[in-house]
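The structure appears right after this line, and notes come after that.
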Amino acid sequence: MIQWFPGHMAKAKNEIIARLKLVDIAFELIDARIPLSSRNPLFSELLGNRPRLIILTKSDLADEKQTKLWIKAMENQYPVLAIDALSGRNVGRIIQVAMEILKPKLEREKAKGLKERPLRAMILGIPNVGKSTLLNRLVKKKVAEVGNRPGVTKAQQWVRINPQLELLDTPGVLWPKFEDQKLGIHLALTGAIRDEILKSEDLGLYLLDFLKQYYPEVLSRYQVDPSKDNWEIIEEIAKIRGFLQEDYVDKAFNLLINDFRNNRLGRITLDRYQKEE
C-alpha cells in the first residue's frame, strides 16, 4: 500500500468542497495513458450528480486504439473529449460541449427571466495531468505555471476564458492511499507522484515487463532482445549507452523511464481496456 497525501492536498480538497456551489459544471481531467489510474475517486464523491465533462489529456502520447476503447466505455456515464493541449487539438470543442451539457439549465434560467451570465466551470484532476497547460491554451496566454512534475499549481484561481465562460483552476489532488501497487506505479511512471516515492528499479522492471507484453517492438530502440531476462536487458542498455559508474543500473532504469515520459517510445497506454464478458 502506498500512502501519499501532503498537507496542501488536504487543504485543496477542502477548498474544492467550499467552491463547488459556485460552479455550473466540472471539467474532470484524466491522463489518456492511464484513464483508469488517473481518475480520483474523491471527485465522484464530491461532485455527486453535478454536470461533468471528462477530458482525456495528453492523448497525443497515448495509444489511439486504446483511447477510442476507453472513450466508448466512459461515454455511457458522461460526455468525454480527448484533447492535446500542447497542439490545441479539440481544445476549442470544450466550451462548445460544455454549453451543450448545460443547455437545459441555461434555458430554465432564461425562462425565469434571469440575467445572462458567464458559465462557471471547475477544473479537477490529479497532479501533472495537464490542467495548467489546458488553461493557458484556452486563454491563449500564460496564466498558469506549467511543469512536468506534480505540485506546480498551489492555489485556486478564477480565470475568464471569454464572455461565456469562467474557469476555476485547482491544484492536483490525489487520494490518501493507493491500495493497488500497479495503480501507484502507473501514477509514478506518468509523473503524478514525486520520483522519490517509488524506486526507479521497481518502475523500470514493471515498465520492461509491460513493454515486452504490449509493445515489444519499441525495445529495438535500445538494440536489445525483448525475449531476454529484464536484468540482462538493463545490463545491455547500460553497456550500450556507456554507463560505467557504480550506479549504471539506476542510470539505465532512469533512461527507460524518461524515454517513456518524453514519448521517445511512441504512443503507449498503461491502463489496458478490458471488455467485460
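The values are calculated or read from the model by the stated rules, or taken from the named source; none is laboratory data. Because the structure is predicted, anything quoted here is derived from the model rather than measured. When we count neighbours, we look across all protein chains shown, and the Cβ atoms used for this are built from the backbone with ideal geometry, even at glycine.
Descriptive notes on the structure:
- Within segment 114-149, the set of residues being at pLDDT below 55 and more than 23 Å from residue 20 (Cβ to Cβ) comprises 145, 146, 147, 148, 149.
- Condition met for residue 205 (buried (at least 20 other Cβ atoms within 10 Å of the Cβ), assigned to a helix (DSSP H, G or I) and at pLDDT 95 or above): no
- Output for segment 231-277, where each listed residue is of a type in the set (Lys, Arg), closer than 27 Å to residue 61 by Cα and in a helix (DSSP H, G or I): 251, 261
- Considering the conditions (1) surrounded by fewer than 16 Cβ atoms within 10 Å (Cβ to Cβ); (2) aromatic (Phe, Trp, Tyr); (3) more than 26 Å from the chain's Cα centre (by Cα), residue 222 is excluded by exactly one of them, (1).
- Checklist (1) in contact with an Asp or Glu (Cβ under 7 Å, 6 or more places away or on another chain); (2) loosely packed, with under 12 Cβ neighbours inside 10 Å applied to residue 245, failing item: (1)
- Scanning segment 102-131 for residues that are over 30 Å from residue 193 (Cα atoms) and crowded, with 17+ Cβ neighbours inside 10 Å returns 102, 119.
- Just one residue in the set 120, 89, 50, 39 is of a type outside the set (Gly, Ala, Ser) and out of contact with any Asp or Glu (no Cβ under 8 Å at 6 or more places or on another chain); that residue is 50.
- For segment 187-200, the count of residues that are in contact (Cβ under 8 Å) with a residue 40 or more places away in the chain, among the charged types (D, E, K, R) and part of a loop (DSSP other than H, G, I, E, B) is at least one.
- Cβ separations smaller than 9 Å between residues 6+ apart or across chains give the following pairs from segment 99-125 residues that are free of Cβ contacts under 8 Å to residues at least 60 places away in the same chain and farther than 16 Å from residue 79 by Cα to residues that are assigned to a helix (DSSP H, G or I) and among the aliphatic types (A, V, I, L, M): 106/99; 116/106.
- Residues in segment 258-275 that are within 20 Å of residue 232 (Cα to Cα) and over 17 Å from the mean Cα position of the chain (by Cα) were compared, and the one that is surrounded by the most Cβ atoms within 10 Å (Cβ to Cβ) is 265.
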